[in-house]
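Heads up: the structure comes next, in structure tokens.
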Amino acid sequence: LGANNRVPALSAYVLDPERREEAIASLQQAGCEVKPGLLLRDAWTLHGGNPAASKAMRNSWVAIQDEASQAVAHLVSVVPGNTVLDLCAAPGGKALLLSLAAGPQGHVIAADLHAHRVRAMAERFKRAGVRNIECIALDGMQPLPFGRQFDRILVDAPCSGTGTLARHPEIRWRLRAEDLTDLHARQVNLLRNALPALAPGGRLVYSTCSLEPEENEFAVNEALRDALDEFRVVTPRGALQRVLREDIAIERLIGADGFFETFPPKDGTDGFFAAVIENNTKQL
């Protein structure tokens, strides 16, 4: 309750590394105090000022995104040249990080159910100068329409948002207990539809900004129940090791079950959950 009633931290990361120092100066000119991230070595925490008024934001040198959300994108472990599907991509913050990791030779499909959100994402990517993302509208609740498989998939599922109550206080009055039943069914369906699109040896990350087990481990376990011969949950130690600050222990964010979780009172970020799933089948 205490964490949910505090003003949440404002976090950012640099989109254009060559503009790093210029971006910091621009944010400072806008009245922002720029400090190191709480968890991630390449993240910033911003205090005061108006980041939106800065040249760095106007020119898309930096992006505002909670550190736990940034971490989820890093867990996908995209490498240059990968083909990537971001199934529930809007508003596009994670897709930007995926595209940076995929590089000019990679290709990211950023999908969302609502056409107006897809258009908004496309405009955002255009302003940022990103050219390796294709934006499409599709319903992930139906079998996916692709005739190919992907090296990496992110399923950042629609959820209750109980990990973001400090940032979205209206959820307190909108959410009902029975909503979790409907959300759970939708999340399981999304994950089950995404799994066949994962290439042999590929990696899929299922994530939510919820603290509820019905939307997290229960959903993952149900979706994988009949597919354990082909898919398995793995512990993403290496992916986290590459991005965490040196003074942050991996065990703080990964439980004995191998799932990634952040908790607002403990970590100072939004509350996120992620399961990293690999396709065990051998490549032909």
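The values are calculated or read from the model by the stated rules, or taken from the named source; none is laboratory data. In this text the structure is predicted, and so the values were computed from the model without any measurement. With ideal geometry, Cβ positions are generated from the backbone for all residues, glycine too; neighbour counts draw on all protein chains shown. The accessibility values were calculated without ligands, DNA or RNA, using every heavy atom of the protein model including side chains. Shrake-Rupley method; radii C 1.70, N 1.55, O 1.52, S 1.80 Å.
Worth a mention:
- Residue among Lys55, Lys94, Lys35 that is in contact with a helix residue (DSSP H, G or I) (Cβ under 6 Å, 6 or more places away or on another chain), of a type in the set (D, E, K, R) and over 19 Å from Val276 (Cα atoms): Lys55
- Residues being more than 16 Å from His74 (Cα to Cα), within 17 Å of the chain's Cα centre (by Cα) and of a type outside the set (Gly, Ala, Ser) - total across segment 89-106: 1
- Listed by first and then second residue, the pairs with beta-carbon distance under 8 Å, at least 6 apart or on different chains, first residue in segment 235-253 and charged (D, E, K, R), second open to solvent by 50 Å² or more (accessible area, probe 1.4 Å) and assigned to a loop (DSSP other than H, G, I, E, B), are Arg245/Arg41; Glu246/Arg41.
- For segment 193-210, residues that are surrounded by fewer than 17 Cβ atoms within 10 Å (Cβ to Cβ) and not small (Gly, Ala, Ser) total 2.
- Counting only residues that are of a type in the set (S, T, N, Q) and surrounded by fewer than 24 Cβ atoms within 10 Å (Cβ to Cβ), segment 211-223 holds 1 of them.
- Helices (runs of 4 or more DSSP H) fully within segment 1-117 counting 1 or more residues that are buried (at least 23 other Cβ atoms within 10 Å of the Cβ) and in contact with a Lys or Arg (Cβ under 7 Å, 6 or more places away or on another chain): 67-75
- For Val243, the stated conditions do not hold, so it cannot be described as over 16 Å from Leu39 (Cβ atoms) and in contact with a Lys or Arg (Cβ under 8 Å, 6 or more places away or on another chain).
- Every residue from segment 118-168 that is open to solvent by less than 60 Å² (accessible area, probe 1.4 Å), among the small types (Gly, Ala, Ser) and in a loop (DSSP other than H, G, I, E, B): Ala128, Gly129, Gly140, Ala157, Ser160, Gly161, Ala166
- Count of residues meeting criterion [aliphatic (A, V, I, L, M) and farther than 16 Å from Gly37 by Cβ] in segment 251-270: 2
- Scan segment 202-231 for residues that are closer than 15 Å to Leu180 by Cα, among the small types (Gly, Ala, Ser) and assigned to a strand (DSSP E or B) and the total you get is 0.
- The test for being without any contact (Cβ under 8 Å) to a residue 24 or more places away in the chain, open to solvent by 10 Å² or more (accessible area, probe 1.4 Å) and of a type outside the set (A, V, I, L, M) holds for Asp182.
- First in segment 143-159 and closer than 25 Å to Leu180 by Cβ, second anywhere and part of a loop (DSSP other than H, G, I, E, B) and among the aliphatic types (A, V, I, L, M), Cβ under 7 Å, 6 or more apart: Ile153/Leu87; Leu154/Val76; Leu154/Leu87; Val155/Leu87
- Cβ-Cβ distances below 6 Å connect the following pairs, each with a first residue in segment 257-269 that is in a helix (DSSP H, G or I), a second residue that is open to solvent by 10 Å² or more (accessible area, probe 1.4 Å), and a separation of six or more residues or different chains: Pro264/Ala3; Pro265/Ala3.
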